[in-house]
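Q: Take a look at this one; I'll ask things after.
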Amino acid sequence: MSDLLSIGTTADVQSGGSSGSVRYGPDLDTGVLRRKYDFGDRVSELNIAQDPFFRFLNKLAKKKVNDAQWKFTERRPSWHKRYGYITAHGATSAVATTGDASLAAAGYTAGNVYYIKVGTDYKNSVNIQNIYGQSNGAIAVGASGTQPLFFLPGQVLKINYCLTSAFSATVPAGYMEYRVDEVDLTTSATHAILKCTVMTSASAAADLMWASASAAVSTVYNKTIHSTLEPQRIGVIGTVHGKGTGYPETWNDQPFSTGQGQIQIWKTTMAMDNTDRATELKYERNEWARIWREKLIEHKWDVSNSLIFSSFSSTYRTTEGALSFITNYGNIFSLTLATKTQDSFLDDLSNFLDPRYNNGQSCVFYCQTQVYNWLHKLGEGSLFNNNLELINDGTNYFARANFDMAVKGRKRIFGIDVTVISTVYGDMNVVRDVHLDGTHVKILAIDMNHVKYRPLVGNGLNRDTSIYVGVQTLENSGVDRRVDLIQTEAGLEWDMPEKHAAWL
C-alpha cells in the first residue's frame, strides 16, 4: 500500500507537475498538501529581561533638563577634613625638610615650643579629594592648591607618635596634644608652618608617624585610609582659650564645584508599504504592529547600551556612560576570581564605604555573570576557605563558621531580580548585568542617588522617546509607504565620583 502522504512533491501538486495545470501561482509552497502539521495558535518567543541599569534610572533617577548642555554643582563639606601630614619639624621656625622622624627634645616635652610644617592632600578650594585607586586626578600632599587654610591660633592638634625609628611604622604608640600659637601661610605657598606649644608629653624615644625620611607622604590615592593614612595624619580636636580673651580668628571654605553634561540623540526608523500593512498574517495579523514593538525594544536596547559604554565627546555629541565615568574618575579595585578572598573583598568595601570618605548606602552592584555567581558562593558559605576560622578555647582548637557575608534574600524591584547580600558594611544590592560580560569591568557599584537620567523637555516639547509618523509617496508612482521614527534625546549626569566604584 502506498504512503498516502507521498502524493508527489509540493511543487508538483501546486504547480501542476506533468499535467501542466497551474494552481494558485507558480511558486506557492504550503507543504505536503494533505498534512495538517498541527499548526496551532501559539508561537514560542524569546523574551529578553529588562535592562537593569536603564530600568532603575527610569524609575529612580529621571530628571528632565531644558538645555541640550547643562551644568550642575557638587558640594563637599570641610569640617571633617581638617587634617594634615607633617612634612618637616624643628625647634625653630626655619623648618624645611627634616631628615629624621625623631622629635627634638622640645617636641615631646610639655610646655615647650615646637614648629611643624603641615601639608594636606585635597584642594582647599572645592575640597576635592583623592579617589581610592584612581591615578587620574590624583592629589599629592603639598600639591598646588592644597595649602591648609583651616589652622587657627587656639586650636588643639592630635599628633600620633611611635616608639621606633622605622618610618614604616603604622601603629601609633600614643598621641600628643599641641596647641597652635601662630600660623604662617606666607613662607610656603603649599604648606602651613605652625608654632605650637606642647600640651602633653611623650616618651623621649617618640618618633613621628610618617612614610619616609625623604618624603613624609606623597602618593596617597592608593593607600588605605584607616590603617595607613589616618595614623600619619594630625587633626584638629578642638580649641582652648583663656577667660576674657575675646573673639578668636576665623576662616571660611569654598565647598562648591561644577560639572557638565550633554544629551545624546538616538534614532530608530522603520518603513513599510501600505500593501504589506493591509495584509493579514497568521499568529500576528498585523506585521506592522509586530515590527513596531520590536523596534521600540531595539531602540531601548541601543539607549541602554550607550548609557553603559558611551564616553563623553563634544565632537560626536555623546553622553558620559557608566564604564567611562567610573573607570576614569571613580574608585578602582582589583578582582581576580581565582585569588580574591572574602576577606580582601571586605577590605575593598571598607575602603569604599569609609564614613570619613563616602557614607553612601544607595549603591547597586551590577555584576558580570561569573562574578554574580562568585558573590553568591561567598554569601552562601560554600567557599569554606574564606568562611572558616580556627578557634582556641584554651585547651583545644576547633573550626567555627564565620559568615561575614550572607545571602539575605531575593526581591524584585521594578521587574529586576535583586539579591541582597548582608555584609559588615551594610547590605549589598546585587544585580546580574549581561552587558558587563566580556568587558574588563567585573563589578560596577553605582550610587543611584548620584546619577541622573536627564531627558530633554522644554517649550512644550518632550524629547524623551518621541514618535514621528510620516507617509512617503514614491516619485512618479502611486505607491505610498508608512515611515515612523523613534527618537530619544537624553543624557546622564554623574556627580561625586567617590560614591561609585569599579572592580577590574
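Q: Those residues that are farther than 28 Å from Arg76 by Cβ and of a type in the set (Lys, Arg), I need them from the stretch 301-359; list them, please.
A: Hits for the stretch 301-359 are Arg317, Lys340.
Q: Tally the residues that are aromatic (Phe, Trp, Tyr) and more than 27 Å from Trp494 (Cβ to Cβ), restricting the search to the stretch 289-314.
A: Within the stretch 289-314, the subset aromatic (Phe, Trp, Tyr) is 292, 301, 309, 312.
Remaining after also requiring more than 27 Å from Trp494 (Cβ to Cβ): 292.
Number satisfying all stated conditions: 1.
Q: Also: Can you run down the residue pairs with Cβ atoms below 6 Å, 6 or more apart or on separate chains, where the first is in the stretch 436-459 and in the same structural domain as Tyr366 (by TED's automatic domain parsing) and surrounded by 15 or more Cβ atoms within 10 Å (Cβ to Cβ) and the partner is modelled with pLDDT of 95 or more and of a type in the set (Ser, Thr, Tyr)?
A: Leu444/Tyr366
Q: Further question: Kindly evaluate Ile326 against the criterion of being under 30 Å from Leu378 (Cβ atoms) and not in a helix (DSSP H, G or I). Before the answer, list the steps.
A: Working: under 30 Å from Leu378 (Cβ atoms): yes; not in a helix (DSSP H, G or I): no.
Taking the combined requirement at face value, the residue does not satisfy it.
Q: Name the single residue, out of those in the stretch 359-385 being at pLDDT 85 or above and in a loop (DSSP other than H, G, I, E, B), that is nearest to His450 (Cα to Cα). Break it down into steps so the answer makes sense when it comes.
A: Of all residues in the stretch 359-385, those at pLDDT 85 or above come to 362-376.
In the following step, the residues that additionally are in a loop (DSSP other than H, G, I, E, B) were identified as 362, 368.
Working: Ser362: 9, Gln368: 22 Å.
Across the stretch 359-385, the extreme among qualifying residues is Ser362.
Q: Of the residues Val113, Val118, which single one is among the β-branched types (Val, Ile, Thr), surrounded by fewer than 23 Cβ atoms within 10 Å (Cβ to Cβ), closer than 16 Å to Asp184 by Cβ and modelled with pLDDT of 90 or more? Explain how you work it out, then say what you get.
A: Working: Val118 fails: surrounded by fewer than 23 Cβ atoms within 10 Å (Cβ to Cβ).
None of the other options fit; the residue is Val113.
Q: For the stretch 67-92: of the residues being in contact with an Asp or Glu (Cβ under 7 Å, 6 or more places away or on another chain) and either among the charged types (D, E, K, R) or modelled with pLDDT under 90 (or both), which is farthest from Leu229 (Cα to Cα)?
A: Of the residues in the stretch 67-92, the ones in contact with an Asp or Glu (Cβ under 7 Å, 6 or more places away or on another chain) are 72, 74, 78.
Filter again for either among the charged types (D, E, K, R) or modelled with pLDDT under 90 (or both), leaving 74, 78.
Details: Glu74: 25, Ser78: 18 Å.
Result: Glu74.
Q: Looking only at residues in the stretch 188-197 that are within 40 Å of the chain's Cα centre (by Cα) and among the polar types (S, T, N, Q), which one is surrounded by the most Cβ atoms within 10 Å (Cβ to Cβ)? It would help to see each step written out before you state the result.
A: Taking the stretch 188-197 and keeping what is within 40 Å of the chain's Cα centre (by Cα), we get 188-194.
Now narrow it down to the ones that are among the polar types (S, T, N, Q): 188, 190.
Numbers: Ser188: 18, Thr190: 16.
Per the stated criteria, the residue is Ser188.
Q: Also, quick follow-up: Can you tell me which residue within the stretch 254-290, out of those that are within 37 Å of the chain's Cα centre (by Cα) and polar (S, T, N, Q), is surrounded by the fewest Cβ atoms within 10 Å (Cβ to Cβ)?
A: First pass over the stretch 254-290, keeping only residues within 37 Å of the chain's Cα centre (by Cα): 254-270.
Subsequent filtering for residues that are polar (S, T, N, Q) retains 254, 257-258, 260, 262, 264, 268-269.
Details: Gln254: 12, Ser257: 16, Thr258: 10, Gln260: 12, Gln262: 20, Gln264: 22, Thr268: 18, Thr269: 13.
The extreme case among them is Thr258.
The values are calculated or read from the model by the stated rules, or taken from the named source; none is laboratory data. Being a predicted model, the structure only gives us computed values, none of them experimental. Here Cβ is always computed from backbone atoms with ideal geometry, including for glycine, and neighbour counts include all displayed protein chains.
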